[in-house]
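Worksheet for the structure shown next.
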Amino acid sequence: MRTLTQPGSSALPHGASFDRYLEAIVDQIQVPPSRYEAAIRSYNSVSDWLGRPESTLKELRIDVYAQGSFRLGTAVRPLGDHETYDLDVICEFYIAKNEVTQEELQDMLGVELEDYARARSLREPSRWPRCWTLNYSDEAQFNMDLVPALPDGERQVILLKEASLRYDFANTAILITDSGHRHFRTKTDDWDISNPRGYADWFVRQMQPRVEKRKLAERIDAGVHVETVPEYRRRTPLQKAIQLLKKHRDVRFEEEPSKKPSSIILTTLATAAYGGETTLVQTIKGILASADGRIQRRGSTTWIPNPADPRENLADSWAEDPALEEAFRDWVKTAAVDFRRAEEAASDDERIDAMAPRIGRTIAEGAARRVAGSTAKALARRASTEMATVLQDAPHRRPPPWKQHLVGAAWIDSATCRRSGFRPHNFRSNGAILPKGATLTFQAKTNISKPYRVYWQVVNVGAEARAEDGLRGQIEAERELYRGHLKTTESTLYHGSHSIECFIVKDEVMVARSGQFVVSIGRR
């Protein structure tokens, strides 16, 4: 097989080489500085509009500032060919909360945004429960969500003190509107609470080298907000690690978006786990090793406290849908295995194969070229067909969790299709299209001596499997050996191409694997 290295050589698998490889991935998924600068210009333009002489709000003080990944410098390029970014912005009105209702505040901002859109030839703003959205042209490649809010820092500091809870970031707390709130049309201090500035201050404190943290803490305690230096220019190991993990998550859950872990949970656990490591490899390993351990249990409830407001549980959706917690924990394990396998890879091809399923093969190959300084236009793939490549790189295909030392062989020796009313027949990988409603029996062989354990992995792809939540991809232990044979039975349920693979594990080391056996199933 052709690789990026010279014949007979292999990639340096450890240390600086792998760090350069991860840096090369980040370079490809990084949001261009021009996008950040365009976003800043856009929300500054809105801020200027709200304060112009003709504005209905000109007598009010309004702070307009970004929140979320653009503020933290952890945004990544979207999946797909169309790069459209969502910019989250707070419009903080300095009005006493007993002088205005949530509905009135939303209406006040909406009037000006509608005028702004007309003046800029934009489409009409969209109104949502908590915000307004400015819909820019496709060429702008982003939309802006503007959340109207009121300051509430002083009261929140008092409330947190009374509850004996941490309050060092509470002085920047705000109240936000929500049309679903029971007091949406009532003048009251019972609003939803948020604190994006406090969260950003916490994030900056955590990512700074330890020698700078004390000075930064003093600035925060004094009420000085760290907004003068755009965070996207800092490019710290923590920011890059979060970007890598976001990309890994985005690709992993591209076909299962309802299970996708939220960015706020990912960012919070990663930031809390950061120990000041100075390299990207060390930072990623540290985060993945301890992220699970930072999830709390309070009685029967899983709890991830918001560092800017410890009363808020960022994992409250997990109580409503336990599958979300299961998906998060499974993703962390998968990410840990992927990065470990990539670090330990003995060649560029092995490293690419480890990262491609959940980073993207184009990005994984591009990073290898950059590190090797190769001018090759393309890399040879292990898979023999395009569909085999799709199955090999399926994001939901879990990587083998064991250490690998392939000292023997395993292969699927026979595959039999049985269907009511028809004679059984054998078929081959990438062979004839099989009917739905059939039973498939796979028998594998190995030259590994007993004792050993046998595992199987089925990977489904395609619209039917996705719609029925039947993508699978887990590695499952064989329940029993059939008279010494390695055998498993499956059913043909979904149209498309799918795969099955057998793994042989001895003393918790994978010593043989069969490779993917591809099965094609017709529409009927």
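Please give, to one decimal in nm, the separation of the simple spin-label points placed at ALA119 and GLU326, each 7 Å out from Cα toward the Cβ.
Simple spin-label model gives 5.3 nm for this pair.
For ALA410, list long-range residues whose amide hydrogen, built 1.01 Å from N in the peptide plane, is under 5 Å from its own amide hydrogen.
Long-range HN contacts for ALA410: ARG513.
For region 295-309, take each phi angle, set θ = phi - 60°, evaluate the Karplus expression 6.51 cos²θ - 1.76 cosθ + 1.60, and give the result in whole Hz per residue in order, putting x for glycine and proline.
Rounded to whole hertz, the list is 7, 8, 10, 10, x, 9, 9, 7, 9, 10, x, 6, x, 8, 7.
So which aspartates and glutamates can LYS58 reach, going by Cα to Cα under 15 Å and dropping same-chain residues fewer than 8 places off?
The qualifying aspartates and glutamates are ASP48, GLU92, GLU112, ASP115.
Normalised by the number of residues in the chain, what is the relative contact order in percent for Cα pairs under 8 Å and 6+ residues apart?
Computed value for the chain: 13 percent relative contact order.
Per residue of region 447-456, in order, report the coupling 6.51 cos²θ - 1.76 cosθ + 1.60 (Karplus, θ = phi - 60°) as ³J(HN,Hα) in whole Hz, putting x for Gly and Pro.
Along region 447-456, the couplings run 9, 7, 6, 6, x, 7, 10, 10, 10, 10 Hz.
Set the bar at 22 Å for Cα to Cα. Now go through LYS285/LYS506; LYS246/LYS403; LYS403/LYS506; LYS285/LYS333 and name every pair that lies beyond it.
LYS285/LYS506; LYS246/LYS403, as the Cα separations exceed 22 Å there.
Hand me the trypsin sites (Lys or Arg not before Pro) from region 258-299 located in a DSSP loop with no more than 10 other Cβ atoms within 10 Å, in residue order please.
Sites meeting the loop and neighbour criteria: none at all.
Between region 394-457 and region 508-524, what is the separation of their alpha carbon centroids in Å?
That distance is 5 Å.
Can you tell me the 0 to 90 degree angle between the C-alpha axis of helix 196-207 and the longest principal axis of the chain, rounded to 10?
60 degrees
With unit charges on the beta carbon (Lys/Arg positive, Asp/Glu negative), name the residue among ASN447, ALA270, GLN102 whose Cα is farthest towards the positive pole of the charge dipole of the chain.
Of the listed residues, the answer is ASN447.
Which of the GluC sites (Glu not before Pro) found in region 51-115 are loop residues per DSSP with 16 or fewer other Cβ atoms within 10 Å of their Cβ?
Of the GluC sites (Glu not before Pro), the ones in loops of region 51-115 whose Cβ has at most 16 other Cβ atoms within 10 Å are GLU54, GLU59, GLU83.
What percent does the relative contact order of region 392-515 come to when contacts are Cα pairs within less than 8 Å and at least six residues apart?
36 percent
Rounded to the nearest 10 degrees, what's the angle between the helix 263-273 long axis and the longest principal axis of the chain, both from Cα atoms, 0 to 90?
Between helix and principal axis, roughly 90 degrees.
Below 16 Å, Cα to Cα, which aspartates and glutamates can LYS161 reach? Residues fewer than 8 away in the same chain don't count.
Within reach: ASP152, ASP221, ASP309, GLU312.
Can you give the longest run of the chain that contains no chymotrypsin sites (Phe, Trp or Tyr not before Pro) sitting in a DSSP loop with at most 13 other Cβ atoms inside 10 Å?
It works out to 95-421.
For the chain, find the longest principal axis of its Cα atoms and tell me its angle to the long axis of helix 102-119, 0 to 90°, nearest 10.
Helix 102-119 and the main axis of the chain meet at about 80 degrees.
With all protein chains present, how much of the accessible area of region 284-325 (probe radius 1.4 Å) comes from carbon and sulfur, to the nearest whole percent?
48 percent
Say the cut-off is 24 Å between C-alpha atoms; which of LYS259/LYS436; LYS240/LYS260; LYS260/LYS436 go over it?
LYS259/LYS436; LYS260/LYS436
Just to confirm, what accessible area per residue do you get for the chain at 1.4 Å probe, in whole Å²?
48 Å²
The values are calculated or read from the model by the stated rules, or taken from the named source; none is laboratory data. This is a predicted model, so every value here is computed, not measured. All Cβ positions, glycine included, derive from the backbone under ideal geometry; neighbour counts span all protein chains shown. Ligands, DNA and RNA are excluded from the accessible area calculation, which covers all protein heavy atoms including side chains. Shrake-Rupley method; radii C 1.70, N 1.55, O 1.52, S 1.80 Å.
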